[in-house]
Amino acid sequence: MAYPFQLGFQDASSPIMEELLHFHDHTLMIVFLISSLVLYIISLMLTTKLTHTSTMDAQEVETIWTILPAIILIMIALPSLRILYMMDEINNPSLTVKTMGHQWYWSYEYTDYEDLSFDSYMIPTSDLSPGDLRLLEVDNRVVLPMELPIRMLISSEDVLHSWAVPSLGLKTDAIPGRLNQATLISTRPGLFYGQCSEICGSNHSFMPIVLEMVPLKHFENWSLSMI
């Protein structure tokens, strides 16, 4: 969960999010180095009147500043492609959940069970209990087992939506007539909050997502009580 005045990402709760955080730090260091070098060169140009004539026309320098950006782009592109392939890969999911976006709520269907489906609406501010989070709590949470690969099938009934949970590194568009899929695995139990991150209409801000990750035994007891 994000906290007030937070500048960075939420704490990673899945292997994919950990990889995304590492890639962010890796890329940010490259950006800082380039920015520092450019700022240093600009400051030198503004504070000195000396001009090195051989440097202004040197094939070696031009070769270096042509090859160096290409090397930097490769250093950024290779880790990025690796993470993209990791996010698209789904290996024998233990559970499949179908998510449908509506104006303006989510509906969930556990496809491995016969009659396990429900709608998830935001709880109005007037009905919140002490300690609940305003605009983020829902009446029916998505309960999932932790430490197991879970496949999410995501689509929409009306307009474009986007199913996003930042701490798990998830953001998948819900498109009418198209079935997108994402995989998630949580390394620890807890409540993970998200929201629709696509501007889908007047109540766009009122489509929260709450995942409750629990041990497998607790999930089995919950699923039996829901059927």
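For this structure, a couple of remarks:
- Scanning the stretch 183-214 for residues that are among the aliphatic types (A, V, I, L, M) and open to solvent by less than 10 Å² (accessible area, probe 1.4 Å) turns up Leu184, Met207, Ile209, Val210, Leu211, Met213.
- Unmet criterion (only one of (1) closer than 30 Å to Tyr85 by Cα; (2) open to solvent by less than 60 Å² (accessible area, probe 1.4 Å)) for Leu133: (1)
- Residue within the stretch 99-107 that is open to solvent by 100 Å² or more (accessible area, probe 1.4 Å), assigned by the TED database to the domain that holds Val214, of a type outside the set (Gly, Ala, Ser) and in contact (Cβ under 8 Å) with a residue 60 or more places away in the chain present: no
- Number of positions in the stretch 137-160 that are more than 22 Å from His218 (Cβ to Cβ) and part of a loop (DSSP other than H, G, I, E, B): 4
So that you can scan it fast, the table gives a plain yes or no per residue for (1) farther than 26 Å from Pro124 by Cα; (2) crowded, with 21+ Cβ neighbours inside 10 Å; (3) basic (Lys, Arg); (4) assigned by the TED database to the domain that holds Tyr108:
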position	(1), (2), (3), (4)
Ile154	no, yes, no, yes
Val159	no, no, no, yes
Leu170	no, yes, no, yes
Ile175	yes, no, no, yes
Gln181	yes, no, no, yes
Phe219	yes, no, no, yes
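- Residue count, the stretch 37-70 (criterion: at pLDDT 90 or above and open to solvent by 70 Å² or more (accessible area, probe 1.4 Å)): 6
- Per this entry, Ser107 is counted among residues that are at pLDDT 95 or above, within 19 Å of Leu191 (Cα to Cα), polar (S, T, N, Q) and in a strand (DSSP E or B).
- Among the residues of the stretch 26-38, those that are aliphatic (A, V, I, L, M) and closer than 17 Å to Pro69 by Cβ comprise Met29, Ile30, Val31, Leu33, Ile34, Leu37, Val38.
- Asp119 open to solvent by 50 Å² or more (accessible area, probe 1.4 Å), in contact (Cβ under 8 Å) with a residue 12 or more places away in the chain and in contact with a Phe, Trp or Tyr (Cβ under 8 Å, 6 or more places away or on another chain): yes
- Test: residue in the stretch 13-29 that is open to solvent by less than 100 Å² (accessible area, probe 1.4 Å), among the polar types (S, T, N, Q) and under 16 Å from Ser167 (Cβ atoms): yes
- The conditions of being touching a Ser or Thr at 6+ places or on another chain (Cβ under 7 Å) and open to solvent by 40 Å² or more (accessible area, probe 1.4 Å) are met by Ile76.
The values are calculated or read from the model by the stated rules, or taken from the named source; none is laboratory data. Predicted model, so just to flag it, every value in this text is computed and none were measured. Positions of Cβ are generated from backbone atoms using ideal geometry, with glycine treated the same way; all protein chains shown enter the neighbour counts. Please note that ligands, DNA and RNA were not included when accessible areas were found on the heavy atoms of the full protein model with its side chains. Shrake-Rupley method; radii C 1.70, N 1.55, O 1.52, S 1.80 Å.
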